[in-house]
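Below: one structure, written as structure tokens.
The values are calculated or read from the model by the stated rules, or taken from the named source; none is laboratory data. The structure displayed is predicted, hence computed values, not measured ones. Here the Cβ is made from the backbone with ideal geometry for all residues, glycine too, and neighbour counts use every protein chain on show. Heads up: the accessible areas ignore ligands, DNA and RNA and are worked out on the full protein's heavy atoms, side chains in. Shrake-Rupley method; radii C 1.70, N 1.55, O 1.52, S 1.80 Å.
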Amino acid sequence: MKSNYLNILSLSVLTCSFISCSEELPNDEGGNGGENGTAVNAQYVVMSGSGENNGAYLQLTSDATTGSLDPANSDGRIFFSGNNPDFINYNNEILVGMNYPSKGGSSSDYITMAWKLQDGKLVQHGNGVALDGDVKARGIFQNYLIGMSDQTGNGHYERVKYINVETFDAAAVDGIIDCDDLSKEPASLMDGETWGVGDIAGYGDYVLLSYATKHLDPDPTSRAKASYSTDLANNLYIGVYKFDPNDSEKEYLKYQNTIIRKSEDYPGKEAGQIKGNLRSRTETGIEVVGNEIYLFCQSTIKNYGKSEPEVPSAVLRISGNNIQNGKPISIDDDYYVNLTETTGHYMWKCFYMGDNKFCLQLYTESGKAGVAEGSHKKFGIFDVKTKTYTEVTGLPEPAKINDIALAYAVDTENHTITFELDLTDGSLPALYTISADGKALRGTEVNAESIKGVSFLKQE
């Protein structure tokens, strides 16, 4: 089937509407139906494509550990049009397909969509919205999806966008935070450097941003380049903000305070910046577990003139008296884990699985922070309470993994995480589910040319 997929896909695109072709998936395809045709209230959404980055097919399966899916089967699938679409999950209730215009493209041709489960089927949620450009960092705060990106032109600033995920009827795309004024916080606290955003997370009534520092450049058009250097890679900076979606000045995120931790003040317990993953869309590092905030510092940014990072990946915590009246103000002195020493690797991303356990996606080469896409194919389970680490077994060897899709599915009730993997041996891409004990199981196979990921949705 794989060899015929491109031709079938092209024909299917023409026959689908712009948004979807959404008939119910038959029970024997492992999709919407349950026993005796009853609806299943928890489903995995599998996203796949033709390899041309021209959209994705969304299909359902109630069991990620068995069976197969074929995107050429039009029953129940949904086609999401776009250039290399990006997916984010809201509380396992709503799946958002973020769509960014290609270079020179019109925003109206790249519509961000959302879906949820209804009677065991995937249905469109709300209206489609245009994001008017890219998003580099994103995160969930209460019922909002907030995205930010570095911008240059009339100065250097962070562009802020947001969508009310529960209504999904419009996108605000005109928010601005000025990064140029070094006399004001947070820039005044960064020794003459400016900043971008590495991760966004919500804690109570506050939005937390991880700052990625950058030298100011005499050429203002180059300030937002990802390769721009810093001398502050060994310092961690966390910004605390209040969110006001109705702000008349369109700042939306109102600065409160900055939390700073410099490695030079903690010899033997160094930790660098939270920068997110190597691709432009990031959502990892600031992790809220109950009343505590764990900071997974990748520490993979290099200082100017250095060939390697100087500090390890590490885990820090904000808790107890370091949170006052609901506002985080400083980092705990009595909690520290050197992840590079514990795991033998630098960390790329982390994923919360419930029960205080995180799945860590690590750089493949021991003790190295990779610089190329696809260089992060090791996995482990880390318990933030006991500080114990378990290496994941049952996955293919890293050399046999061609790609790991960015979108993932987490079932926090059963403490599992599922990734979609494409292998180099010619076998079909498949879902691999990792349990909290560190064991991975190959499951549903997908007869597709390219993998886009998997997500997990429940309906009440």
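Regarding the stretch 285-295, can at least one residue be identified that is hydroxyl-bearing (S, T, Y) and either within 25 Å of K377 (Cα to Cα) or surrounded by fewer than 17 Cβ atoms within 10 Å (Cβ to Cβ) (or both)? If you could, list the steps in order and put the result at the bottom.
Start the filter on the stretch 285-295 by keeping residues that are hydroxyl-bearing (S, T, Y), which leaves 294.
Filter once more, so that each one left must be either within 25 Å of K377 (Cα to Cα) or surrounded by fewer than 17 Cβ atoms within 10 Å (Cβ to Cβ) (or both): 294.
Checked the stretch 285-295: at least one residue is hydroxyl-bearing (S, T, Y) and either within 25 Å of K377 (Cα to Cα) or surrounded by fewer than 17 Cβ atoms within 10 Å (Cβ to Cβ) (or both).
Please state which of the following conditions Y57 fails to meet, knowing it meets all the rest: (1) among the aromatic types (F, W, Y); (2) surrounded by 22 or more Cβ atoms within 10 Å (Cβ to Cβ); (3) farther than 21 Å from S427 by Cα.
(3)
Going by the structure shown, is N338 open to solvent by 20 Å² or more (accessible area, probe 1.4 Å) and without any contact (Cβ under 8 Å) to a residue 40 or more places away in the chain?
Numbers: open to solvent by 20 Å² or more (accessible area, probe 1.4 Å): yes; without any contact (Cβ under 8 Å) to a residue 40 or more places away in the chain: no.
So N338 does not fit the description; no.
Scan the stretch 237-265 residue by residue and report those that are open to solvent by 20 Å² or more (accessible area, probe 1.4 Å) and either of a type in the set (S, T, N, Q) or over 23 Å from Y203 (Cβ atoms) (or both).
Within the stretch 237-265, N246, S248, E249, K250, Q256, N257, T258, E264, D265 qualify.
Looking only at the stretch 367-390, decide whether some residue is polar (S, T, N, Q) and under 27 Å from A56 (Cα atoms).
For the stretch 367-390, residues polar (S, T, N, Q) and under 27 Å from A56 (Cα atoms): present.
Counting only residues that are within 21 Å of R159 (Cα to Cα) and acidic (D, E), which one in the stretch 118-136 is modelled with the lowest pLDDT? Give the steps one after another, and end with the answer.
Narrowing the stretch 118-136 to residues within 21 Å of R159 (Cα to Cα): 128-136.
Restricting the remaining residues to those that are acidic (D, E) gives 132, 134.
Working: D132: 89, D134: 86.
Applying the filter and picking the extreme gives D134.
Which of (1) at pLDDT 95 or above; (2) of a type outside the set (G, A, S); (3) in contact with a Ser or Thr (Cβ under 7 Å, 6 or more places away or on another chain) does M98 not meet, given it meets every other one?
The one condition M98 does not meet is (1).
Starting from residues that are open to solvent by 10 Å² or more (accessible area, probe 1.4 Å) and touching a helix residue (DSSP H, G or I) at 6+ places or on another chain (Cβ under 7 Å), keep the ones in the stretch 350-402 and report whichever is nearest to V315 (Cα to Cα).
This residue is Y389.
Pairs only if they're at least six apart or on different chains, beta carbon under 7 angstrom, first in the stretch 425-437 and at pLDDT 95 or above, second crowded, with 23+ Cβ neighbours inside 10 Å and outside any strand (DSSP E or B); list them, first residue then second.
P429/A448; L431/A64; T433/A64
Would you please name the residue that is modelled with the highest pLDDT, looking only at residues in the stretch 196-213 that are closer than 12 Å to Y255 by Cβ and either of a type in the set (S, T, Y) or touching a helix residue (DSSP H, G or I) at 6+ places or on another chain (Cβ under 9 Å) (or both)?
Y206
Here's a check for you: in the stretch 176-195, which residue that is loosely packed, with under 14 Cβ neighbours inside 10 Å and outside any loop (DSSP other than H, G, I, E, B) is modelled with the lowest pLDDT?
By that ranking, first place goes to D178.
For a quick check of your reading: which strands (runs of 3 or more DSSP E) sit entirely within the stretch 320-401 and have at least 1 residues that are under 21 Å from the mean Cα position of the chain (by Cα)? Break it down into steps so the answer makes sense when it comes.
On the way: elements: 347-354, 357-362, 378-383, 388-391.
Answer list for the stretch 320-401: 347-354, 357-362, 378-383.
Report whether or not H345 is closer than 18 Å to P312 by Cβ and open to solvent by 10 Å² or more (accessible area, probe 1.4 Å). Write out each step before concluding.
Values: closer than 18 Å to P312 by Cβ: yes; open to solvent by 10 Å² or more (accessible area, probe 1.4 Å): yes.
So H345 passes the test.
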